[in-house]
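Asks: Here it is: the structure, laid out below.
The values are calculated or read from the model by the stated rules, or taken from the named source; none is laboratory data. These numbers were taken from a predicted model, which means no experiment stands behind them. Positions of Cβ are backbone-derived with ideal geometry, glycine not excepted, and every protein chain shown enters the neighbour counts.
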Amino acid sequence: MVNVRKCAMIGCGFVGAASAFSLMQSGLFSDMVLIDANHDKAEGEAMDLSHGAPFARPIEITAGSYDDIADCGLIVVTAGANQKPGETRLDLVHKNVGIFKQIIPEISKRKFEGILLIVSNPVDILTYTALKLSGFPPDRVIGSGTVLDTARLKYLLGRHLGVDSRSVHAYIIGEHGDSELAVWSSANVSGVELNRFCEQDGHHNHKQNMQKLYEDVKNSAYEIIQKKGATYYGIAMSVRRIAECIMRDERSILPVSSLIGGHYGLNGICMGVPTIVGSDGVERVVDIGLSGDEQLKLMHSAQELQKVLAGIDLS
């Protein structure tokens, strides 16, 4: 039986530890299990987090094993090799697919019935890998997709325009990586079409500004990795946001990665597109309007991922 108040974090590196901290503070769970190939690391993180429990809502945080996950409402997988300076997310493919071939069968053999959230990179490839290796229904296997990329775009747009980023409505979709694209055609600020809002605020170089913002979003992870070695706070908050949608059955629309079947002219691939997320995981993909150029860029992004998938053995 699924315990919706229990979650597991598989992988206790920078992203896993930051995500566990974020989920601890969310109040969504009363029980959290940390699992890592280095059990001492998991125990250390559990101890460190637990010592802050008096400042948070009641929660039991322990280091455990795969035997502790069967009844979890949510399992978050952050395990995998880290992206190094100069590496793309896709460069991590074979190392992390190999790691997933060890992790995912351990989850599926426990008859887990909750939601599986994949965060490890390259997230779209590994979401597809987890889906195929687990045999779980597609609606229960979700990747963090372009949720963080979209947040980065909203933040940078808000700063550029001098408005609260929560009033900015725009998406980054496609691969969480170099072929991702910004959907400018439907971008708006509280219902005001983006170009019109920019002109009202004295910004007129739309094409140059949009390209600069897009490049800043796409390259932000590389810049952070170059400066501090890893990114983890932003993705940890993204994990919390996705978990909120699932555990509270919010049915919010987030650009998570899941199996696409027929939407946007795509089939048999996982990538970040606007999706209604609720207690059952993926409720449905939302087909937002794309310009002709945006549709072509999305197809290109899918092709880049399909090239990688063609070179992976998931047997």
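Asks: Would you point out the residue of region 88-115, among those that are in contact with a helix residue (DSSP H, G or I) (Cβ under 7 Å, 6 or more places away or on another chain) and among the β-branched types (Val, Ile, Thr), that is surrounded by the most Cβ atoms within 10 Å (Cβ to Cβ)?
Replies: Residue satisfying both the conditions and the ranking: Ile115.
Asks: Identify the single condition in (1) touching a Lys or Arg at 6+ places or on another chain (Cβ under 7 Å); (2) of a type in the set (S, T, N, Q); (3) closer than 25 Å to Glu283 by Cβ that Ser144 does not satisfy, given that it satisfies every other one.
Replies: Ser144 satisfies all of (1) touching a Lys or Arg at 6+ places or on another chain (Cβ under 7 Å); (2) of a type in the set (S, T, N, Q); (3) closer than 25 Å to Glu283 by Cβ except (1).
Every residue, every condition in (1) modelled with pLDDT under 95; (2) outside the structural domain of Phe100 (by TED's automatic domain parsing), yes or no:
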{"site": "Glu113", "(1), (2)": "no, no"}
{"site": "Leu117", "(1), (2)": "no, no"}
{"site": "Asn121", "(1), (2)": "yes, no"}
{"site": "Leu126", "(1), (2)": "no, no"}
{"site": "Ala130", "(1), (2)": "no, no"}
{"site": "Gly135", "(1), (2)": "no, no"}
{"site": "Asp139", "(1), (2)": "no, no"}
{"site": "Arg152", "(1), (2)": "no, yes"}
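Asks: Answer yes or no as to whether Gly272 is closer than 21 Å to Leu148 by Cα, buried (at least 23 other Cβ atoms within 10 Å of the Cβ) and either more than 13 Å from the chain's Cα centre (by Cα) or not assigned by TED's automatic domain parsing to the domain that holds Leu131 (or both).
Replies: yes
Asks: Related question: Of the residues Val147, Val163, Val168, which is touching a strand residue (DSSP E or B) at 6+ places or on another chain (Cβ under 7 Å), surrounded by fewer than 19 Cβ atoms within 10 Å (Cβ to Cβ) and of a type in the set (Val, Ile, Thr)?
Replies: The conditions single out Val163.
Asks: I'd like to check something: does region 81-104 contain any residue that is in contact with a Gly (Cβ under 9 Å, 6 or more places away or on another chain), without any contact (Cβ under 8 Å) to a residue 24 or more places away in the chain, over 23 Å from Gly281 (Cα atoms) and not in a strand (DSSP E or B)?
Replies: yes
Asks: For Val192, indicate whether it is farther than 26 Å from Leu126 by Cβ and β-branched (Val, Ile, Thr).
Replies: yes
Asks: Within region 122-136, which residues are outside any helix (DSSP H, G or I) and under 22 Å from Glu244 (Cβ atoms)?
Replies: Selection gives Phe136 alone.
Every residue, every condition in (1) within 21 Å of the chain's Cα centre (by Cα); (2) on the phi < 0 side of the Ramachandran plot; (3) at pLDDT below 95, yes or no:
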| position | (1), (2), (3) |
| --- | --- |
| Tyr171 | yes, yes, no |
| Lys212 | no, yes, yes |
| Glu223 | yes, yes, yes |
| Arg248 | yes, yes, no |
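Asks: Taking the options Leu314, Leu309, Leu296, name whichever one is outside any loop (DSSP other than H, G, I, E, B), modelled with pLDDT under 95 and of a type outside the set (Gly, Ala, Ser).
Replies: Leu309
Asks: Would you mind finding the one in Ile172, Ile242, Ile235 that is outside any helix (DSSP H, G or I), among the β-branched types (Val, Ile, Thr) and either touching a residue at least 24 places away in the same chain (Cβ under 8 Å) or in contact with a Lys or Arg (Cβ under 7 Å, 6 or more places away or on another chain) (or both)?
Replies: Ile172
Asks: Just to be sure, is Lys41 outside the structural domain of Ile225 (by TED's automatic domain parsing), surrounded by fewer than 21 Cβ atoms within 10 Å (Cβ to Cβ), modelled with pLDDT under 95 and not small (Gly, Ala, Ser)?
Replies: no
Asks: Looking at region 1-20, I want the residues that are under 16 Å from Ser65 (Cα atoms) and have a partner that is among the basic types (Lys, Arg) with Cβ atoms under 6 Å, at least 6 apart or on another chain. Which pairs are those?
Replies: Cys12/Lys41
Asks: Oh, and also: Cβ contacts < 7 Å: first residue touching a residue at least 40 places away in the same chain (Cβ under 8 Å) and aliphatic (A, V, I, L, M), restricted to region 131-143; second residue assigned to a helix (DSSP H, G or I) and surrounded by fewer than 18 Cβ atoms within 10 Å (Cβ to Cβ), any location; separation 6+ or different chain. Result?
Replies: Leu131/Pro138; Leu133/Lys101; Leu133/Pro105
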